[in-house]
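Presented below is the structure to which this report refers.
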Ligand code: ADP
């Protein structure tokens, strides 16, 4: 398809590697002689016409930067037909003929509607620390967040074992335990609690009791934000009632997991997908997401992506469970 100008935006939750992805989109477009408009503040900026021209040199020195130079936002207006009509009109009047959306599945639902209602070619690129998107083995930002959480908990373990403490460490993931379960394996957690699995308190206490009998020096429990056992502070109280001997501490890792320089894996994935978005649009692909599965670049329809769950965490949960013996 002949494209003279495309737009790129970042939307929804931010993730390390979004900048590397913007850079790749801009540079690939320049390689093929296509102009790029950067849209600030996600869909909100599309509605408010927050556009700026991006050149090859506008994206220098950002491959290693966390956050997003285009900012990100959530937009209620874009959820309405009127909002999307205004967004489409703004793109058309700026001479933009295709859009690249870097974000999570919510952002893809929006992109899908914009495409279906206004026939604007769109390609989505998966970027979220949650790794909960169907059609890609990894999302941009996940590996960096995993490394950040792992390093932080390694430090917590040093103090935990010095004082014979039990730590409950909460990691991000409201609906998905992908980050928590990977962190749980990486740090050697005593237990990993995720939204997808209904571990009962009874099961957790039995596991801890075994550690007591074996005189374990430190215990770290990784709990995803959305775990069905409730928040870390309440769970700490419940454990204390059962195990008076534990000196229990809670640590909420919070937004540090979203920040920091993207690791090499995220930079490479972001670069690969940025190139794939522009080349896909040139090839006439639209209303789809570019992802990598089994080392292969794959385009899947946005419909398929948003209608399906991200990968199952069952196998990793099983491994975490075996190794926490
Ligand atoms: P993420 O992309 O990280 O999952 P959100 O779910 O917050 O983040 O979605 C980002 C934005 O995408 C929302 O603020 C909204 O503007 C748009 N969006 C999400 N879901 C829809 C939908 N069903 N229809 C239209 N726009 C949507």
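The values are calculated or read from the model by the stated rules, or taken from the named source; none is laboratory data. Because the structure is a prediction, the values reported are computed rather than measured. Counting neighbours? That spans all protein chains shown, and the Cβs are built from the backbone with ideal geometry, glycine included.
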Quiz item: Among the residues of segment 298-320, is any surrounded by fewer than 19 Cβ atoms within 10 Å (Cβ to Cβ), in contact with a helix residue (DSSP H, G or I) (Cβ under 8 Å, 6 or more places away or on another chain), closer than 25 Å to residue 64 by Cα and modelled with pLDDT of 95 or more?
Solution: no
Quiz item: Residue check: is residue 227 at pLDDT below 95 and crowded, with 21+ Cβ neighbours inside 10 Å?
Solution: yes
Practice problem: Name, by its number, the condition in (1) surrounded by fewer than 18 Cβ atoms within 10 Å (Cβ to Cβ); (2) assigned to a loop (DSSP other than H, G, I, E, B) that does not hold for residue 16. | Solution: (1)
Quiz prompt | Counted residues, segment 1-48 - those being out of contact with any strand residue (DSSP E or B) (no Cβ under 9 Å at 6 or more places or on another chain), closer than 21 Å to residue 118 by Cα and away from the ligand (no atom under 16 Å from the Cβ) | solution = 1
Exercise. Take segment 49-85 and flag every residue that is farther than 19 Å from residue 21 by Cα and within 13 Å of the ligand (Cβ to nearest atom).
Key: 74, 75, 76, 77, 78, 79, 80, 81, 82, 83, 84, 85
Quiz item: So which of 179, 166, 146 is at pLDDT below 95 and either crowded, with 21+ Cβ neighbours inside 10 Å or in contact with a helix residue (DSSP H, G or I) (Cβ under 9 Å, 6 or more places away or on another chain) (or both)?
Solution: 166
